[in-house]
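Asker: What follows is a structure written as structure tokens; I'll ask about it next.
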Amino acid sequence: MAIELIIFDLDGVLLNSRHVVETAVRRGIDDLAGETGRTFSLPSREEIYALMGRPNATWLEGLDLSLSAPEWAFFKERVAGEEIQAIRRGEGLVYAGIEDILIWLMNRNQRCAIASNCGREYLLAFLDHFRLDAYFDFSLCNDDAPPDGDKTDLLGMVLENQQVYAAEAVYIGDRGADETAAGNLGLGFIGCLWGFGAPDEFSDRAVCCEQPVDLHDVLRKLLAIGRE
């Protein structure tokens with residue numbers, strides 16, 4: 001069966017946001033300390049990166065800062081604002097080779113979408129600053145999901161919007177949770193090892209790519225199936 005839709009995760013697949021996320025969390029903690037008069041231990045970059053891939057509404061809570069509800073709201077707002085401003089300043093980087101893949105897919109008239117656990121403003125800032133919106137037919141983020149929704153819900157919403165069967169779509173992600181979400185719906189999955197995840201997060205069934213050039217090769221072969 002031919003592949004009708006390729007769905008991309010954002011952070012760790014399209015965008016190298018390591019510096020953006022780490023800096024935003026550290027500045028958010030500084031602002032939180034100033035707001036509350038309390039002292040907080042700064043998390044390591046490994047602790048921050050390990051949480052990437054969780055839904056935007058809840059991932060910061062994994063830092064276990066023992067905050068009250070108002071303090072969490074303050075902290076999340078500051079971190080989100082810092083991330084968006086950083087992207088608008090161009091502090092994140094699209095991984096080398098990714099735009100070449102997107103151009104190639106667009107020239108093939110291949111439908112592409114984004115399903116990410118980021119927030120809406122973050123997604124729009126990314127698409128606008130890097131001028132990538134023309135490559136995607138549709139995009140959804142955590143703000144579009146149900147209140148307790150996760151990546152599985154987002155992928156299901158993308159399929160429904162694009163009127164594509166799960167067997168006709170492939171999800172490209174960088175965390176084991178992305179593979180699980182794709183598997184829950186019966187989508188194909190490609191793992192990206194240049195993102196936030198580790199190789200041992202993926203099952204033996206996953207096709208994993210070390211670099212975007214490897215992803216390009218995999219997509220060439222995959223899209224040739226059913227079109228020859």
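Only the coordinates and a few stated rules stand behind these numbers; no lab work does. Everything numeric here is computed off the predicted structure, so don't read it as measured data. Note that each Cβ is placed from the backbone with ideal geometry, even for glycine, and that neighbours are counted across all protein chains shown.
Asker: Could you work out the local net charge near Ile87, counting Lys and Arg as +1, Asp and Glu as -1, over the other residues with Cβ closer than 11 Å to its Cβ? Please report the intermediate quantities before stating the final value.
Answerer: On the way: positive: Arg88, Arg89; negative: Asp11, Glu82, Glu83, Glu91, Glu121, Asp128.
Combined, the nearby Lys, Arg, Asp and Glu give -4.
Asker: For the chain, what does the relative contact order come out to in percent, with C-alpha contacts under 8 Å and a separation of six or more?
Answerer: About 27 percent, as a whole number.
Asker: Figure the gain on full extension for Arg108 and Glu35 (residue separation times 0.36 nm, minus the Cα-Cα span) and round it to one decimal in nm. Spell out each step's value before the answer.
Answerer: Values: separation 73, 0.36 × 73 = 26.28 nm, distance 5.20 nm.
Extending this stretch completely gives an extra 21.1 nm.
Asker: What FRET efficiency comes out for Ala57 versus Val94 if R0 is 30 angstrom and r is the Cβ-Cβ distance? Round to the nearest 0.05.
Answerer: In this case the efficiency is close to 0.75.
Asker: Another question about this same structure. Can you check what the net charge comes to around Ala96, using other residues whose Cβ is under 14 Å from the Cβ of Ala96 (Lys, Arg +1; Asp, Glu -1)?
Answerer: Once positives and negatives cancel, what remains is -4.
Asker: Determine, for each peptide in 174-182, 122-130, 61-69, the mean count of other beta carbons within 10 angstrom over its residues, then list the peptides with the highest first. Could you put the intermediate results ahead of the total?
Answerer: On the way: 174-182: 23.2, 122-130: 19.4, 61-69: 12.9.
Those peptides, ordered most packed to least, come out 174-182, 122-130, 61-69.
Asker: OK, next. Summing -39500 (n - 2.57) over the DSSP H runs of n ≥ 4 in the chain and dividing by its residue number, what mean residue ellipticity at 222 nm do you reach, to the nearest 500 deg cm²/dmol?
Answerer: On the way: 8 runs with 100 residues, N = 228.
Theoretical 222 nm ellipticity from helices: -14000 deg cm²/dmol.
Asker: Now for a separate question. So if I take the centroid of the Cα atoms in the stretch 32-106 and the same for the stretch 164-226, what is the distance between those two points in Å?
Answerer: One Cα centre to the other: 24 Å.
Asker: Here's something else I'd like to know. Can you give the Rg to Rh ratio for the stretch 18-88, taking only C-alpha atoms and Rh from Kirkwood?
Answerer: A ratio of 0.92.
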